[in-house]
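Remarks on the structure that follows.
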Amino acid sequence: MRMISLVSTLFALATAATLAPARADDAPAARLVKTLTGTWKGPLHLTMGADQADLKAAIACAPIAGKTGIACQASITGVPGLGTMLESDLFGVDPTTGAAHMYAVSNAGDVHDHVGGFEQDALVMRWTGTSPDHHALRETLTFRSTGPRTLAFTQEVTSDGKPFVKLEGTLKK
């Protein structure tokens with residue numbers, strides 16, 4: 001029994017030593033936290049085929065895990081067929097690869113991981129998957145700080161390579 005415990009402990013220590021710890025001062029993690037921290041509100045415009053709608057967003061983002069990531073709670077009202085969309089997002093940066101991840105869960109059925117990072121002046125996150133009716137989906141989210149208290153947001157979704165959804169707006173703290 002002691003030998004198994006010792007072997008397990010040594011294995012756990014050896015494995016932990018190979019992982020790069022996340023640090024709040026890592027440039028990508030610090031930039032992620034700085035870009036998104038705050039309570040953001042504003043109008044969004046939704047285009048879905050020929051249909052359009054004006055929505056209102058309220059998103060609260062706060063640092064987590066020693067400022068190495070961020071958690072956001074979003075409420076978007078006026079969504080056709082849904083009313084209010086609620087979404088929880090966890091953002092973090094993989095210290096080994098430098099890739100940013102955004103794990104999203106919403107009452108609209110979204111449960112997936114976006115991967116991306118900073119491209120010039122914007123945080124760009126992408127997800128590729130399949131709809132329940134077997135269409136190839138690709139989602140691109142772009143967050144761009146346009147001032148100390150403004151954040152431009154765009155979501156573009158394609159279905160089988162064709163435009164499907166576009167959501168855009170500028171949010172303010």
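The values are calculated or read from the model by the stated rules, or taken from the named source; none is laboratory data. Just so you know, these numbers come straight off a predicted model, no measurement behind them. Ideal geometry is used to build each Cβ from the backbone, glycine not excepted, and the neighbour counts take in all protein chains shown.
General remarks:
- A search for C-beta distances below 7 Å between a residue of the stretch 150-173 that is over 15 Å from MET125 (Cβ atoms) and any residue that is modelled with pLDDT of 95 or more and in a loop (DSSP other than H, G, I, E, B), counting only pairs 6+ apart in sequence or on different chains, returns SER159/HIS135; ASP160/HIS135.
- Filter pass, GLY81 being closer than 26 Å to ALA27 by Cβ, without any contact (Cβ under 8 Å) to a residue 12 or more places away in the chain and over 18 Å from the mean Cα position of the chain (by Cα): no
- Looking only at residues of the stretch 117-136 that are buried (at least 17 other Cβ atoms within 10 Å of the Cβ) and not small (Gly, Ala, Ser), we find that the one that is farthest from ASP160 (Cα to Cα) is PHE118.
- Selection count, the stretch 90-107, where residues are farther than 12 Å from LEU32 by Cβ and under 11 Å from the mean Cα position of the chain (by Cα): 3
- Within the stretch 128-148, residues that are outside any loop (DSSP other than H, G, I, E, B) have Cβ atoms under 6 Å from residues that are among the basic types (Lys, Arg) in these pairs: THR128/ARG138; THR140/ARG126, counting only partners at least 6 apart in sequence or on another chain.
- Residue in the stretch 50-58 that is loosely packed, with under 14 Cβ neighbours inside 10 Å, farther than 18 Å from ALA108 by Cα, in contact (Cβ under 8 Å) with a residue 40 or more places away in the chain and over 14 Å from the mean Cα position of the chain (by Cα) present: no
- Subset of the stretch 91-116 [in contact (Cβ under 8 Å) with a residue 60 or more places away in the chain, β-branched (Val, Ile, Thr) and surrounded by fewer than 17 Cβ atoms within 10 Å (Cβ to Cβ)]: THR96
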